[in-house]
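These notes concern the structure reproduced below.
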Amino acid sequence: MKSLLKSCLFVMLLIFTSCGNPEESMNKTMADFTEKCIDDVYDCDCYGSKVKEHFKTDEAYIKYYETHGEIPDELAEALFDCMK
């Protein structure tokens, strides 16, 4: 189940980042990432809270994504709790 959720989240991330101007689609802050929450799938308040709980600061968020291309396993599991 974890791998399925992680795969789905990764596919959604790819979809969001592969369309349009790359500068526009980059998640420069946790708020940018949270704004891409899909209302039909997630409780977006919960989603945003989980992202903030995991990374704590925008600096930590940016540092992580400079070296990683996917959502951390722990965050993917936490976001599963926000699914409708």
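Within the stretch 60-70, how many residues turn out to be open to solvent by less than 10 Å² (accessible area, probe 1.4 Å) and at pLDDT below 85? Of the residues in that region, 0 qualify. As for the stretch 20-33, it holds no residue that is modelled with pLDDT of 80 or more, more than 12 Å from the chain's Cα centre (by Cα) and of a type in the set (A, V, I, L, M, F, W, C).
The values are calculated or read from the model by the stated rules, or taken from the named source; none is laboratory data. Remember, predicted model here, so these are calculated numbers, not experimental data. Areas reflect the complete protein model, heavy atoms only, side chains present, ligands, DNA and RNA absent. Shrake-Rupley method; radii C 1.70, N 1.55, O 1.52, S 1.80 Å.
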